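Structure record follows, encoded as structure tokens.
The values are calculated or read from the model by the stated rules, or taken from the named source; none is laboratory data. Everything numeric here is computed off the predicted structure, so don't read it as measured data. Heads up, the Cβs are rebuilt from the backbone with ideal geometry, glycines too, and the neighbour counts pull from every protein chain shown. Keep in mind that these areas ignore ligands, DNA and RNA; they rest on the heavy atoms of the full protein, side chains included. Shrake-Rupley method; radii C 1.70, N 1.55, O 1.52, S 1.80 Å.
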Amino acid sequence: MDQWTSGADYEQWMGRWSRLVAQEFLKWLEVPAGLRWLDVCCGSGVIVETIVEGNAPATVVGVDASAAQISFARQHQARSNVSFETADAMALPFADSSFDVVVCGLGLNFLPSPGRALEEFRRVARPGGTIAVYVWDYAHGARFLREFWDSAMAIDGEAATSDQAYRFPMCTQEGLRSLFEEAQLEDLAPRALEVVTRFSSFDDYWEPLLTGQGSAPNYLAGRDQQIQMAIRERLRAVLPANAQGAIELPARAWAIRGRRKRG
């Protein structure tokens, strides 16, 4: 249901908003310079880029299951202390205790077994190392997504089962805490990350939905033109455009951090 086959299309649809959240996420983590980082589900390299710009890492490794995303990331993050690998998040190709910090942005919920993935994050983190993730608040806080799904469900009775709020009930503060507790991580700290998604026009909102990259665009690609146009016109009517046609929508992600137990 979720295709991630183009780094450029991902940037257009989600990368620009992931970058905003990544900046808030890394400021909140407050980890020192000179550490070894692993970014799981790195996609087009958004978090890696933000780590390099603001955290002075010793090394950063980004991994993703999509070879196309890894290829895009390599082309845009050519630094001596940065590397990318195509890898399964639930079977990471690294030795135990290889990293000081393991992060995953907007990816944990897409994995077949988030719990198994967290076990791998814990394994490759050093004792006392930081493990942290963030996911969109699909049910309430990510309004640019919520507006789409509410409009889709008003038009198409089958849209509800594709809605990320329905598909990913773990994407709440309580859901993340439960996963981290099951993974036997300690010093847990949840956090809401708030950003504003700004679209210069309705087309700036709509056109990325035609890329086929991710849940909403993939759902839309599977609908006939009549349904697509009905959803489009409903969105045009309900989105809060200003006098210049620009649209601003608040977006919240839930984040949590923990530590691998020492000893």
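Overview of values
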{"quantity": "In sequence order, calculated HN-Hα J values of region 95-111 (Karplus, 6.51, -1.76, 1.60; Hz; x Gly/Pro)", "calculated": "6, 4, 6, 7, 10, 8, 9, 10, 10, 8, x, 6, x, 4, 5, 7, 7"}
{"quantity": "Gaussian network model of the chain, Cα within-10 Å springs - most flexible of Ala237, Ala189, Ala139", "calculated": "Ala237"}
{"quantity": "Two-site FRET efficiency, Ala67 against Thr161, from Cβ-Cβ distance with R₀ of 25 Å, rounded to 0.05", "calculated": "0.30"}
{"quantity": "Share, in percent, of DSSP beta bridges within the chain that are antiparallel, nearest 5", "calculated": "50 percent"}
{"quantity": "Separation in nanometres of the label points that stand 7 Å from Cα toward Cβ, at Glu233 and His76", "calculated": "3.5 nm"}
{"quantity": "At R0 = 41 Å, FRET efficiency that the Cβ-Cβ distance of Asp150 and Ala95 yields, to 0.05", "calculated": "0.35"}
{"quantity": "On Cα atoms only, tilt of 173-182 relative to the major axis of the chain in degrees", "calculated": "30 degrees"}
{"quantity": "With Cα atoms, 0 to 90° folded angle of helix 67-76 axis to the chain main axis", "calculated": "80 degrees"}
{"quantity": "Cα shape, region 1-137, gyration tensor, a/c 1.5 rule", "calculated": "rounded"}
{"quantity": "Solvent exposure ordering (accessible area, 1.4 Å, most first) of Thr59, Thr130", "calculated": "Thr59, Thr130"}
{"quantity": "Rough spin-label spacing in nm, given labels placed 7 Å along Cα→Cβ, for Glu85 and Glu248", "calculated": "4.4 nm"}
{"quantity": "Cα long-axis angle, helix 225-238 against the chain (0 to 90 degrees, to the nearest 10)", "calculated": "80 degrees"}
{"quantity": "Charged-residue dipole, Cβ positions (Lys, Arg, Asp, Glu), the chain about Cα centre, Debye nearest 20", "calculated": "640 debye"}
{"quantity": "The chain, accessible surface, carbon-and-sulfur percent (1.4 angstrom probe)", "calculated": "47 percent"}
{"quantity": "Under 15 Å, Cβ to Cβ, from Val31 - net charge with Lys/Arg +1 and Asp/Glu -1", "calculated": "+1"}
{"quantity": "Spatial separation of Cα centroids for region 235-255 and region 102-156, in angstrom", "calculated": "22 Å"}
{"quantity": "Given (i) 14.2; (ii) 19.7; (iii) 13.4, the label whose value is mean projected area of the Cα convex hull in nm² derived from this model", "calculated": "(iii)"}
{"quantity": "Gained length - Gln184 relative to Ala8, 0.36 nm times residue gap less alpha-carbon distance", "calculated": "59.7 nm"}
{"quantity": "Inter-site label distance for Arg16 and Arg198 at 7 Å from Cα along Cβ, in nm", "calculated": "1.1 nm"}
{"quantity": "Residues Glu119 and Ala33, FRET efficiency given R0 of 22 Å [Cβ-Cβ distance, rounded to 0.05]", "calculated": "0.20"}
{"quantity": "Signed unit charges on C-beta, dipole axis of the chain, positive-most listed residue Trp17, Met90, Leu220", "calculated": "Met90"}
{"quantity": "Charged-residue dipole, Cβ positions (Lys, Arg, Asp, Glu), region 1-109 about Cα centre, Debye nearest 20", "calculated": "240 debye"}
{"quantity": "Region 102-210 - charge dipole about Cα centre, Lys and Arg +1 at Cβ, Asp and Glu -1, debye rounded to 20", "calculated": "460 debye"}
{"quantity": "D_trans [Stokes-Einstein, Kirkwood Rh over alpha-carbon pairs] for region 140-263, 20 °C, 1.002 mPa s, µm² s⁻¹", "calculated": "131 µm²/s"}
